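Structure first, commentary second.
Readers should treat all values here as calculations from the given coordinates under stated rules, not as data from a laboratory. Just so it is clear, the structure is predicted and the values come from calculations on it, not from any experiment. Because the Cβ atoms are built from the backbone with ideal geometry, glycine has one as well, and the counts that use them run over all protein chains shown.
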Amino acid sequence: MYLYDAWYVAAWDHELGGAPLARTLLGMPLVLYRAGDGRAVALDDRCCHRRAPLSKGKVVGNDIQCGYHGLQFDPGGACVRVPSQSTVPPGARVRSYPVIERNRWVWVWMGDPTAADASQIPDLFWHDSPAWVAVTDRFHVKASYQNLIDIQLDQTHSRYVHPTSLGNDGAVATPPKVRRDDRTVRCERLMPNADPPPIWAKIGDFTGNVDHWIKWVYYPPAAISFDVGVYNVGTGAFEGNLTHGISVRNSHSCTPETATTTHHFWVAARNFKLDDPEVHRAIGAIRNTFLEDVAIVEATEQRIADDPAAPTIDVNADHPTIQARRLLARLIEEAAGRRAAE
Amino acid sequence: MYLYDAWYVAAWDHELGGAPLARTLLGMPLVLYRAGDGRAVALDDRCCHRRAPLSKGKVVGNDIQCGYHGLQFDPGGACVRVPSQSTVPPGARVRSYPVIERNRWVWVWMGDPTAADASQIPDLFWHDSPAWVAVTDRFHVKASYQNLIDIQLDQTHSRYVHPTSLGNDGAVATPPKVRRDDRTVRCERLMPNADPPPIWAKIGDFTGNVDHWIKWVYYPPAAISFDVGVYNVGTGAFEGNLTHGISVRNSHSCTPETATTTHHFWVAARNFKLDDPEVHRAIGAIRNTFLEDVAIVEATEQRIADDPAAPTIDVNADHPTIQARRLLARLIEEAAGRRAAE
Amino acid sequence: MYLYDAWYVAAWDHELGGAPLARTLLGMPLVLYRAGDGRAVALDDRCCHRRAPLSKGKVVGNDIQCGYHGLQFDPGGACVRVPSQSTVPPGARVRSYPVIERNRWVWVWMGDPTAADASQIPDLFWHDSPAWVAVTDRFHVKASYQNLIDIQLDQTHSRYVHPTSLGNDGAVATPPKVRRDDRTVRCERLMPNADPPPIWAKIGDFTGNVDHWIKWVYYPPAAISFDVGVYNVGTGAFEGNLTHGISVRNSHSCTPETATTTHHFWVAARNFKLDDPEVHRAIGAIRNTFLEDVAIVEATEQRIADDPAAPTIDVNADHPTIQARRLLARLIEEAAGRRAAE
């Protein structure tokens, strides 16, 4: 079950160049390409003639040409040329999807095009602001996007999954404050005088305890932004005095490829020591941390697949993930209601 | 849906030597072997005792001996020996298939043996005539045999799939003449004063336009023969004057292994410059061209599997492939009717 | 269909060390570990919280700690700690299985724990008696455990599957004596003045015929023990005079992993020339012999999967395997009857 009327991150902007890109979202094979005029285009990756993938063809001007019999489609999906005849048969077209490029991510609207609402795309300014430097990557994860979102939203896992990088006792001991509204779940965990996660202790040169926070916003269906601060104890960071420590902004898009696989786009950005290669490398190591997430989530997915009906219990720390799943379920339900009313 | 009462190419004749060969046709695992007396034999590749593949056994005289408990079967499929006892249990046999070797191909009749009709095997004399030299191979293709046949029968693909070898504008611009009778579809595309495909321009030393033809015969279910001519413009080649150019004969057998995989046997033969190694290499490059067919057909098959019910449109150039599919469908229907009448 | 109320070999004892071991038995993913106090423990390999495999966690004292959120389970399967809260939710537990270590094998009872009966584990003393030296291994076999058991119980296969090691004409020519009781099938094949299998001829320096026996006991569902003797002809070995030859004891556990895959644990032990490295190597070569079993059984399994309903015939030599299958079927039926009566 997907929320179709929503924006999903389909690619990094630099992935769209001269050659068409095949990428499956929500089980639908798409072809993404950059038209001659610079536009990003998303079409169904299946020619309407003999069903060859358009991604095996080539970009011709603003159009894409099928690599099998040369049928040509414009950015709106209309077939505009059939090489062996002078006219185009009626109904010759492929589905076209609304696309917006923002903050280096290519967002595709997978539902009713008339409902596409650009204001629903979150502002992730640290992706491309000159005041920030980012480490980035894309993982292919063999797990459902909801399971991959779960691990992002519950920091109590860090102590066990990332003992040498992000794990600390503070996140386990401090319950988060969760707030859900119509379109987001927001969470903050303020940890005064807490043990710093090893990765931040190293990067920020902290030798003792810190005032630490982890705040996130979940933008259903698939995006999460993080605001993480690590400051010297008692210097007033919780009240806005951000001069004695470090802060980072992370973003994750857990874009469903299929029901059981996910494209994980992520960003880890800092606004300090922008030109320091050692700090860059140290933050770059978060890639390994995120791969630890992938490993435990993929292993868990496997066990779920083994016995999808096995009963589970909840614990207190599940509060944020349960809120996030409920909000997404409500949005999917509302969309089903809208379709039924039409 | 297969046409069972038909000959299918199962192997090259040289593939049948001392060791049994396992090969699946129409979803049926067969064992092929050459008996001591030289006969080619095709049996079900499943011992009637504990179902071991007979292809894991060995040839003993004219028989094949199971590699598990040593049961021995003669070329007709009868069990003739059970090592641990003196008699053979009633009903101990495996199915045997009619086999004919012709023009270096081993043809197996997959249906009712009493209906096997050797006259239905097409004459592909260029495979083994001393006047011809052939380049050959066998591909394993992850696509249905009908999709692989489609690409052979519609030359408008060459301009897009084989731009550097077989592609030319002439084949796109010139509609083919198609003729269907009870057992074949025949097609010819005469292209006077047309641009030569790059591979023939090179091999025939053509510097300008040519008189070019592509004629083929489809022998359902799975075989196609090609007659291709490239001659100097206006020298009368269309009227039979074959002195100023080159001609080649190609054969393809797209033998179904399963519903979605195919054994592709092919031959590209010439009757000129038989001993010229450079020409041989140049024609040998057609292997890469045929692999381009495989790549686009496999990619297309994948998209068909993603959504088998996705609607498609036809274009004018589909005329020959539609005729071929209709003839095959009619033959399958007639066979079903014969079985129902029995 | 499995017999659940039974002991199955899950591991070698040395496989249980500091790290948890994931192993699937009868389609159930288990985690095996050695507790701090030395006990072998078997639990369901699925945390009751978010279903992470416990095998990705770590052993903490006698408990296992989940590698996702740190929930901790004792050897009985009870959750004893949830890191982010002070109490454990009711019902937080995973299933625990009775375990017995005997003769270097770790046996797990897969059914009703109250029915676990240690006396049903066969005595395989040659695994760890100082009077015996063993060659051992574990194979992962892509075949059902019943098909792998079949090949062990019918020695007429050796002539065809192991012509260079265990095969001899005697085993084909001599019918076995089979005796079935409530819990075992026992078989003996006495071969006076028979051709020795090549491997024993070499190891025992036999140059001519021998008095040879193969005796086995099948302990359903999955264990088999072998007693094999090769002695000089007429020296009275059949009457107990074991001074002019060699004897070996083999054990096999064909533990079902899934319906179509099997963990094959095996032992080949001798009580002569214990310290002779050349004899050790020569007996070690039996590993290749057992891999020949695996190859033919996996190939056969594939053919069964191709057409599970294909009819088969039986031959006289199938008597022991048919008895073994019947006993197992009866035990499974009885267990179903007990459950229905409860």
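Computing FRET efficiency as 1/(1 + (r/R0)^6) for A:L291 and C:V233, where r is the C-beta to C-beta distance and R0 is 60 Å, gives about 0.35. Sparse packing (at most 16 other Cβ atoms within 10 Å of the Cβ) combined with a DSSP loop state is found for the following trypsin sites (Lys or Arg not before Pro) in region A:171-212: A:R183. So what is the relative contact order of chain B, in percent, for Cα pairs below 8 Å that sit 6 or more residues apart? Relative contact order of chain B: 17 percent.
Only helices enter the 222 nm calculation for chain A: every DSSP H run of n ≥ 4 contributes -39,500 (n - 2.57), and dividing by all residues gives -7000 deg cm²/dmol, rounded to 500. The residues packed around C:A341, meaning those with a beta-carbon under 15 Å from its beta-carbon, carry a net charge of -3 if Lys and Arg are +1 and Asp and Glu are -1. In this simple spin-label approximation, B:N316 and C:E101 carry label points 7 Å from Cα along the Cα→Cβ vector, and these lie 8.2 nm apart. When only Cα pairs below 8 angstrom with a gap of at least 6 residues are kept, region B:187-316 shows a relative contact order of 16 percent. Our estimate of slack between B:D306 and B:R330, defined as 0.36 nm per intervening residue step minus the Cα-Cα distance, is 5.9 nm.
Here the 3J(HN,Hα) profile of region C:293-300, calculated from phi with Karplus coefficients 6.51, -1.76 and 1.60 at θ = phi - 60°, is 4, 4, 4, 6, 6, 5, 5, 5 Hz, Gly and Pro shown as x. Need one word for region A:1-130: rounded, prolate or oblate. Basis is the Cα gyration tensor (sqrt eigenvalues a ≥ b ≥ c); a/c below 1.5 gives rounded, then a/b vs b/c decides. Prolate. Around the Cα centre of the protein assembly as shown, unit charges on the Cβ atoms of Lys, Arg, Asp and Glu (plus for the first two, minus for the last two) sum to a dipole of about 360 debye.
Near A:T260, within a Cβ-to-Cβ distance under 9 Å, what is the net charge of the other residues, with Lys and Arg +1 and Asp and Glu -1? Neighbourhood net charge equals -1. Projected onto its three principal axes, the C-alpha set of the protein assembly as shown covers 97, 96, 55 Å, listed from the longest axis down.
Sort region A:240-342 into rounded, prolate or oblate with this rule: let a ≥ b ≥ c be the square roots of the eigenvalues of the Cα gyration tensor; rounded if a/c is under 1.5, and if a/c is not under 1.5, prolate when a/b is larger than b/c, oblate otherwise. Cα axes put region A:240-342 in the prolate bin. Temperature 4 °C, viscosity 1.567 mPa s: under these conditions the Stokes-Einstein estimate for chain B, based on its Kirkwood radius over C-alpha pairs, is 59 µm² per second. Shown is the FRET efficiency for C:T243 and C:V60, computed with R0 = 60 Å from the Cβ-Cβ distance and rounded to the nearest 0.05: 0.60. For the cross-link pairs A:K142/A:K177; B:K56/C:K215; A:K142/B:K142; C:K142/C:K202; C:K215/C:K273; A:K56/B:K142, the ones whose C-alpha atoms lie over 26 Å apart are A:K142/A:K177; B:K56/C:K215; C:K142/C:K202. With the label put 7 angstrom out from Cα along the Cα-to-Cβ vector, B:L291 ends up 3.1, 3.2 nm from the copy partners, going from closest to farthest. All other residues whose Cβ lies under 10 angstrom from that of A:N168 are scored, Lys and Arg at +1 and Asp and Glu at -1, for a net of -1.
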